[in-house]
Amino acid sequence: MYEGVVQDLIDELGRLPGIGPKSAQRIAFHILQADSADVNRLVEVLQTVKARVRFCDICFNVAEAEQCRICADPRRDRTQLCVVEEPKDVLAMERTREFKGVYHVLGGAIDPMGGVGPDDLNITELFRRLGQEPIEEVLIATNPNHIGEATATYLVRSIRPMGIQLSRLASGLPVGGDLEYADEVTLGRAIEGRKVLTNV
């Protein structure tokens with residue numbers, strides 16, 4: 001334990017996701033040893049982000065205007081909608097340059113043990129979009145963990161009666177991986193999602 005504001009700084013840094021007590025302490029002492037200009041620049045950026053960055057009115061991705069750059073882009077395919085958990089997942093999908101449609105960010109995943117239900121996410125807004133926009137396919141790209149799977153199952157059951165085509169990101173073996181090191185769930189998903197080879 002340190003005195004006064006130093007401990008306050010460590011405590012606040014420790015509240016950030018992925019930052020444990022030791023990391024918080026290292027970052028705090030880095031800040032203490034940094035030039036005042038560097039610290040002021042960090043403070044300024046944090047204040048600017050809080051003042052200017054918001055969530056897109058349509059898809060809930062991060063934006064500096066009412067719409068994010070993807071929703072504002074007229075070249076995007078409005079018939080395809082990819083549902084993701086967090087804004088960072090949009091960036092991951094965009095890096096592939098494979099998906100040309102638009103997105104919907106849920107703001108998390110359904111987690112009954114964590115007290116997160118469908119009403120705590122942007123699911124009502126998703127259903128509104130499905131009723132108003134010319135969406136023909138919904139690609140569910142939630143994380144391949146138990147809460148991501150629970151969220152995907154809920155969405156599939158809710159969207160299927162609407163007659164919209166549903167798809168899910170394939171999952172399975174990573175490129176360069178060995179079968180002997182794959183767990184049963186991963187290997188099972190790989191078998192379930194296997195493709196028929198037509199042109200060999």
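Round to a whole angstrom and tell me the spacing of the C-alpha centers of region 156-200 and region 28-104.
What the calculation gives is 29 Å, centre to centre.
Based on alpha-carbon atoms only, what is the radius of gyration of the chain relative to the globular estimate 2.2 N^0.38 Å?
Working: Rg = 21.2 Å, N = 200, 2.2 N^0.38 = 16.5 Å.
Here the answer is 1.29, to two decimals.
Would you work out what percent of the accessible area of the chain, with all protein chains in place, is carbon or sulfur (probe 1.4 Å)?
Values: 7580 of 13910 Å².
Carbon and sulfur: 55 percent of the exposed surface of the chain.
When only C-alpha pairs under 8 Å and at least 6 residues apart count, what is the relative contact order of region 107-200, in percent?
Working: 70 pairs, mean separation 21.4, N = 94.
It comes to 23 percent, rounded to a whole number.
If I stretch the segment between A170 and L187 completely, what's the gain in nm (0.36 nm per residue apart, minus their alpha carbon distance), one decimal?
Numbers: separation 17, 0.36 × 17 = 6.12 nm, distance 1.21 nm.
Gain in length upon complete extension: 4.9 nm.
Take the alpha carbon atoms of region 3-95, find their radius of gyration, then divide it by 2.2 N^0.38 Å using N residues; give the quotient.
Details: Rg = 18.2 Å, N = 93, 2.2 N^0.38 = 12.3 Å.
Normalised Cα radius of gyration, region 3-95: 1.48.
Tell me, what is the per residue accessible area of the chain in Å², probe radius 1.4 Å? Let's see the in-between values first.
Numbers: 13910 Å² over 200 residues.
Per residue, the chain has an accessible area of 70 Å².
State the extension gain, in nm to one decimal, for the chain segment bounded by M162 and V39, taking 0.36 nm per residue of separation less the distance between their alpha-carbons. Could you put the intermediate results ahead of the total?
On the way: separation 123, 0.36 × 123 = 44.28 nm, distance 5.22 nm.
Answer, rounded to one decimal: 39.1 nm.
Amide H of H104 versus every other amide H placed in the peptide plane: which residues, excluding those fewer than 5 positions away on the same chain, fall under 5 Å?
Those qualifying (amide H under 5 Å, at least 5 residues apart or on another chain) are C82, V83, V84.
The values are calculated or read from the model by the stated rules, or taken from the named source; none is laboratory data. Since this is a predicted model, take the numbers as computed values, not measurements. Note: areas computed on protein heavy atoms with side chains; ligands, DNA, RNA excluded. Shrake-Rupley method; radii C 1.70, N 1.55, O 1.52, S 1.80 Å.
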